[in-house]
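Chemist: Pasting in a structure now, in C-alpha cells, and then I'll have a few things to ask.
The values are calculated or read from the model by the stated rules, or taken from the named source; none is laboratory data. Bear in mind the structure is a predicted one, so any value in this text is a computation, not a measurement. Don't worry about glycine lacking a Cβ; one is built from the backbone with ideal geometry, like all the others, and counts go over all protein chains shown.
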Amino acid sequence: MDQAVLEFFSSYSIKRGEKTIQRITMKNILTMTAPYKYKHEPYTKVYGSEDWTKAALDLLGGKGKIGDFKYSTVGAQILSGMLQNATGKPVTEFAAENLFAPLGINKPAPTVLAGKEQHIAFLKEKQVHGWVVDPQGLPTAGWGLTLRLRDMLKIGDLCLNQGNHNGKQIVSASWIKDSTQKHAHWNEYSYGYLWWNLDRNGNGAFAALGDSGNTIYVNPKEQLVIALACSFKPRVRSIVDVFTQFT
C-alpha cells in the first residue's frame, strides 16, 4: 500500500518543478487522499484525451497536501493503469479471470464512447451494456462499468462473506477487512479503499456509492446486502442517510 504510484509508470515523464507526485502512494489513490492540480474535475479534458490514465497522472500532485481527502473520479483512473502494468495483462481480462468468472458474472464487453455526446448519452441511457474503455483499450476505474442488480448483489455478498464465494476464497479476507475500515474522513463520513465506511453502533456497514444512488450496501451485523440501480441524474441527494437506519 505504501508503494509509490510512479513505480508503476516507469516511462512517465514528470513535469518540471513537480515534486509532490513522487511521494504519492497507492494508498493515497485508494483512499482519495492524493492532491490534484484542479479545483473542479476536468472530465472533458481527461475523457476527451487519447490516454485517460496519462491525462489523470498529469493532474496528480501540485501544491495540495498529501493526506487531505479529495474525492476524484478521474484520479481513480490511475488505478486501472497501475493494475495493468502490475499484472502484465489487460484489466478486462484480469477482472474476468479473477472476479467475474468465479462469481458467475458475464464478462462486460469493451464499450468505446466517441465524443462528449456519446459520453452523456451513456450516462442517461437506461439500457447500457459493457465496460467503458479509453482509446488505448484501458477500462475506466471510477465509473463506466455496467452490471445487473444480481451481479451487484454477488459482489456485495462476496464482501459480506469476507471474500468467500460458495466455499472458494476469491479475495483474501484480510483485504476485505482492511479495505472497508476507516482510513480517511470527509465531513461526518469515513472512507476506506474505494468503499465508504458507514459503521454505526458497531454494525460494520460499508458501501459502494455511485452517481444518482447506484449502491452496493453491506451490513455484516444484520447479514444484509442491498443493491440499487438508478438512472443518472445530476445533483441527487446523498442516499447514505437511507442506509444508516439499518443499525
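Chemist: Can you say whether A56 is closer than 30 Å to G167 by Cα and not assigned by TED's automatic domain parsing to the domain that holds S231, as far as the supplied structure shows?
Modeler: So A56 fails the test.
Chemist: Filter the stretch 110-129 down to the residues that are touching a strand residue (DSSP E or B) at 6+ places or on another chain (Cβ under 7 Å) and β-branched (V, I, T), then identify the one that is farthest from D51 (Cα to Cα).
Modeler: The qualifying residue farthest from D51 (Cα to Cα) is T111.
Chemist: In the stretch 117-155, what residues are in contact with a helix residue (DSSP H, G or I) (Cβ under 7 Å, 6 or more places away or on another chain), part of a helix (DSSP H, G or I) and modelled with pLDDT under 95?
Modeler: Result: H119, single match.
Chemist: Now for a different question. Restricting the stretch 104-131 to residues that are basic (K, R) and out of contact with any Gly (no Cβ under 8 Å at 6 or more places or on another chain), which is farthest from D211 (Cα to Cα)? Can you show your working first?
Modeler: Within the stretch 104-131, the subset basic (K, R) is 107, 116, 124, 126.
Add one more test, that the residue is out of contact with any Gly (no Cβ under 8 Å at 6 or more places or on another chain), and what stays is 107, 124, 126.
Details: K107: 22, K124: 11, K126: 14 Å.
Among those residues, the one meeting the criterion is K107.
Chemist: Report, by residue number, each residue of the stretch 133-151 that is crowded, with 21+ Cβ neighbours inside 10 Å and over 19 Å from N85 (Cα atoms).
Modeler: G144
Chemist: For A76, which of the numbered conditions (1) more than 22 Å from V128 (Cα to Cα); (2) out of contact with any strand residue (DSSP E or B) (no Cβ under 6 Å at 6 or more places or on another chain); (3) buried (at least 17 other Cβ atoms within 10 Å of the Cβ) fails to hold?
Modeler: (1)
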